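Working notes, beginning with the structure itself.
The values are calculated or read from the model by the stated rules, or taken from the named source; none is laboratory data. What you see is a predicted model; the values in this text were computed from it and never measured. Counting neighbours? That spans all protein chains shown, and the Cβs are built from the backbone with ideal geometry, glycine included. The protein model used for the area step is the full one, side chains on, heavy atoms only, and it has no ligands, DNA or RNA in it. Shrake-Rupley method; radii C 1.70, N 1.55, O 1.52, S 1.80 Å.
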Amino acid sequence: MDIKKHLTNAMYNLLKQNRIENITVSMVLKESNISRGTFYRYFRDKYDLMNSYYETNYDVFFKNYDDTWENIVSGIVFFIYQNKLFFQNAFKAEGQNSYEHFLHEHATAFCRTKYKKSKNILKLSAEEEATIQYFCAGSILIVKLWIEGKMDFEPQIVSNIICKNMPDLIRNI
């Protein structure tokens, strides 16, 4: 049995029903039937576990490094839509351990790496960095508002909006 996967599945199940602030390590242990000592062998705390879940799932999309932006964005949007209850609760968390913070850090790192590799450069200009930050922050806000029910669109429309508003700097990678 893959203990890390078992624990991340437990966190996923709990986050479908609760905000992260309301989940305790004890709840995760009960849901996963894993001992406290084993939990702490793999994770520092519930936030570390939650971020591990995010990383595992987003790495699946971002590993399609050479795929089209439309397919990557569409894949992420549909994944969020298929797991709507989980992500509605995930987006409710605020601050450093929030899903929004994780997603912004992950998305900007991905775009930076992809851009620098495509241009064969080691450092971004201030304008390039600002463009990547702006696009990632705006895209995440659109997804957050949509998953919270503040925008009534089908997933493909959300994906299209994000791709249509993608700056050329990113689109041309």
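Quick one: accessible surface of Y47, probe radius 1.4 Å, all protein chains present, in square angstrom to the nearest 10.
My reading of the accessible area for Y47 is about 60 Å².
Among the lysines, which have Cα under 21 Å from the Cα of K123 when same-chain residues fewer than 8 positions away are ignored?
Those lysines meeting the cut-off are K114.
Give the lysines whose C-alpha is closer than 20 Å to that of K119, dropping any in the same chain fewer than 8 places away, or say none.
Partners within reach: K63.
For E31, tell me the accessible area in Å² from a 1.4 Å probe, rounded to the nearest 10.
Roll a 1.4 Å probe over it and E31 shows about 90 Å².
For Cα pairs less than 8 Å apart in space and 6+ apart in sequence, what is the mean separation divided by the residue count of the stretch 1-43, i.e. the relative contact order in percent? Could the numbers behind the result be given before it?
Details: 20 pairs, mean separation 18.6, N = 43.
Here the relative contact order equals 43 percent.
Cα convex hull of the stretch 1-63: how many Å³ per residue?
Roughly 85 Å³ of hull volume per residue.
Roughly how far apart, in whole Å, are the Cα centres of the stretch 1-48 and the stretch 99-128?
The two parts, judged by their Cα centres, are 31 Å apart.
What number results when the radius of gyration of the stretch 88-135, computed over Cα atoms, is divided by 2.2 N^0.38 Å?
On the way: Rg = 13.0 Å, N = 48, 2.2 N^0.38 = 9.6 Å.
Relative to the 2.2 N^0.38 Å estimate, the stretch 88-135 comes out at 1.36.
PRE reach from I121 (point 7 Å along Cα→Cβ): which of the stretch 139-173 fall under 17 Å by backbone N?
Counting only backbone N, you get 167-173.
Whole number in Å², please: accessible area per residue of the stretch 71-159, 1.4 Å probe, ligands, DNA and RNA not counted. Intermediate results must be reported in sequence, preceding the final value.
Working: 4770 Å² over 89 residues.
Per residue, the stretch 71-159 has 54 Å² of solvent-accessible surface.
With a cut-off of 19 Å, note down the residues of the stretch 74-111 whose backbone N falls inside the zone around a label point 7 Å from the Cα of T56 toward its beta carbon.
Counting backbone N atoms under 19 Å from the label point, the list is 76, 79-91, 98-100, 102-103, 106.
In vacuum, with every alpha carbon of the chain counted as one equal point scatterer, what does the Debye formula give for log10 I(q)/I(0) at q = 0.08, 0.10 Å⁻¹? Two decimals, please.
Listed by q, the Debye log ratios stand at -0.27, -0.42.
To the nearest 10 square angstrom, how much accessible area does W69 have with a 1.4 angstrom probe?
Probe radius 1.4 Å; accessible area of W69 about 20 Å².
Counting only protein chains, not ligands or nucleic acids, how are R44, R112 ordered by accessible area (probe 1.4 Å), most first?
Of R44, R112, the descending order of accessible area is R44, R112.
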